[in-house]
Amino acid sequence: KEVIELKDMIDIYEGQVLSRTLSQNENVSLTLFSFDKDEMISTHQSEGDALLTVLEGKARITIDDTDYILKTGESIVMPALHPHAVYALENMKMFLTVIF
């Protein structure tokens, strides 16, 4: 067991979106993501409710065609079965918790 800084567990690479799964089972998924500026995850939906927390940077989160701008330390819930997308307004790292 050790204390960790989530944002230090994933790096940002030019032109890429990276993910690192910390834990996953039939009930929950814990995943770190990193985005280079202007990279995105296009509109999709999930079977589970998701809590997105920006660990570093700034992002535009679109849920049901409504845009939300989040910066470091801010979070938003993306409800199950609602279309959503993530766009990095600057280099960005996020932590995603999905409950199925």
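The values are calculated or read from the model by the stated rules, or taken from the named source; none is laboratory data. Keep in mind that this is a model prediction, so the values were computed, not measured. When we count neighbours, we look across all protein chains shown, and the Cβ atoms used for this are built from the backbone with ideal geometry, even at glycine. Just so you know, the surface numbers come from the protein's heavy atoms only, side chains and all, with ligands and any DNA or RNA stripped out. Shrake-Rupley method; radii C 1.70, N 1.55, O 1.52, S 1.80 Å.
Taking the Cα atoms of the chain, the ratio Rg/Rh between the radius of gyration and the Kirkwood radius comes to 0.95.
For the pair ASP65 and VAL3, the difference between a 0.36 nm per residue extended length and the Cα-Cα distance amounts to 18.5 nm.
Connecting C-alpha atoms closer than 10 Å in a GNM of the chain, tell me which of GLU14, GLU56, GLU90 has the biggest fluctuation. So, out of GLU14, GLU56, GLU90, the one fluctuating most is GLU14.
Once the 1.4 Å probe is applied to the protein heavy atoms, the chain comes out at 60 Å² accessible per residue. Remark: the stretch 18-75 is approximated by an ellipsoid whose semi-axes, taken from the C-alpha gyration tensor as √(5λ), come to 19, 15, 11 Å, largest first. Fully extending the segment from ILE76 to ILE99, taken as 0.36 nm per residue of separation minus the present Cα-Cα distance, adds 6.9 nm. Note: relative contact order over the chain, using C-alpha pairs below 8 Å and six or more positions apart, is 35 percent.
Using the Karplus relation 6.51 cos²θ - 1.76 cosθ + 1.60 with θ = phi - 60°, the per-residue 3J(HN,Hα) values for the stretch 15-23 come to x, 10, 10, 10, 9, 9, 7, 8, 7 Hz, with x marking Gly and Pro.
If you take all other residues with their beta carbon under 14 Å from the beta carbon of TYR68, and give Lys and Arg +1 and Asp and Glu -1, the sum is -1. Take the alpha-carbon centre of the stretch 1-32, take the same for the stretch 37-52, and report the distance between them in whole Å. The distance from the Cα centre of the stretch 1-32 to that of the stretch 37-52 comes to 15 Å. For the pair GLN24 and ASP38, label points projected 7 Å from Cα toward Cβ lie 3.0 nm apart.
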